[in-house]
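Have a look at the structure below, then the notes.
What follows is calculated from the coordinates using simple rules that are stated; it is not laboratory data. Here the structure is a predicted model, which is why all the values come from computation and not from measurement. Cβ placement follows ideal geometry from the backbone for every residue including glycine, while neighbour counts extend to all protein chains displayed.
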Amino acid sequence: MLDGMWDALDLPGLVVALVAGNALLYLSLAGLGATLLPRGLPGRPTRRIQTEPPRAGEVRRDVLRSLRSAAIFGVVAALVIHAARNGHTRLRFDEAALAPGPFLGALVATILLHDAWFYWSHRALHTRLLFRRVHATHHEAVRTTAWTAYAFSPWEALVQAAIFPLAAWTIPMHPFAFAAFMVFQVSENVFGHAGWEIFGPGLPRRLPGVLTNTPTHHVQHHEDPRGNFGIYFNVWDRVCRTNHPRYAERFDEVVPPRG
Ligand SMILES: [Zn+2]
Ligand SMILES: [Zn+2]
């Protein structure tokens, strides 16, 4: 049944469905983040990272840019699915690929691949050659919000969307495993831009701070882009010594250390 589903739509139909799906995913997750993160989790308050709220028009600007990026993601995804139907990728449409083992394996592999792709493409986007042409649009957001998550120039949206062909050509997986990755990816992007810190005191100085980045880590990148290029884990920034020199201090300003 699931196998046949992918043949029901022609390429224009796939484009419409995947553009709409990506836009809906962004709007719902950014909306949830903007609503829930200021309230915190039970027993774990969140702290505002930046004191200055966004200025008039900045949220609208970021929503419109993000919707444009979602449309570009949708077109790239439709082209990849179309190529997959013609046997050109490692995507699998059989139900065996939905079993927990292959599904979770593909999800974890895609997260690790994207962590590396994001870090190294982000480093490239900060070179003199590419920053103004491709990445400066994203950095116009200095006071970030949940809605900044996808606020890229069209060229940068293509760089970000490249994770789907990269994954589809290297990792055997069902398209639903990639859809699960997209939910994770957009959630993390919303989390990293929303402007609310949820982790406990001193995290960047403790072991879990190697494993996970924090919202402060990425907001600080928008305040001063000299460091903090990674997305999910703090491993690449540590290995390459590109954490912002004041990352731990900035985190302490947001979440005062105990004692
Ligand atoms: Zn950002
Ligand atoms: Zn940047």
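Taking the Cβ of Trp117 as the center, what net charge do the other residues with Cβ under 15 Å away carry, scoring Lys and Arg +1 and Asp and Glu -1? Computed value for this residue: -3.
Scale the Cα Rg of region 148-250 by the rule-of-thumb value 2.2 N^0.38 Å and send over the ratio, two decimals.
Normalised by 2.2 N^0.38 Å, the Cα Rg of region 148-250 equals 1.16.
Entry note: region 1-148 has Rg to Rh equal to 1.02, where both radii use alpha-carbon atoms and Rh is the Kirkwood radius.
Membrane-span-like helices of the chain, defined as complete DSSP H segments with a Cα extent of 15 Å or more along the helix axis and a mean Kyte hydropathy of at least 0.5, are identified as 11-36, 58-85, 100-125, 175-193. Computed on the Cα atoms alone, the convex hull of region 69-127 gives a volume of 108 cubic angstrom per residue.
The convex hull of the Cα atoms of the chain, projected and averaged over all directions, covers 14.9 nm². Per residue, the chain reaches -18000 deg cm²/dmol at 222 nm when only DSSP H runs of four or more residues are counted, each adding -39500 (n - 2.57).
If you take the Cα centroid of region 67-142 and the Cα centroid of region 182-248, the two points sit 20 Å apart.
Once the C-beta distance of Asp224 and Val108 is scaled by a Förster radius of 30 Å, the resulting FRET efficiency is 0.40 to the nearest 0.05. A Gaussian network model of the chain, with springs between Cα atoms under 10 Å, assigns the largest mean-square fluctuation among Gly200, Gly40, Gly57 to Gly57. Working note: Debye formula, equal point scatterers on the alpha-carbon atoms of region 65-169, no solvent; log10 I(q)/I(0) at q = 0.10, 0.21 Å⁻¹ is -0.35, -1.17. Extent along the principal axes, Cα only, for region 86-229: 46, 38, 24 Å, with the longest axis given first.
Look at the dipole of region 135-259 built from charges on Cβ: of Thr242, Pro165, Val183, the Cα furthest out on the positive end belongs to Thr242.
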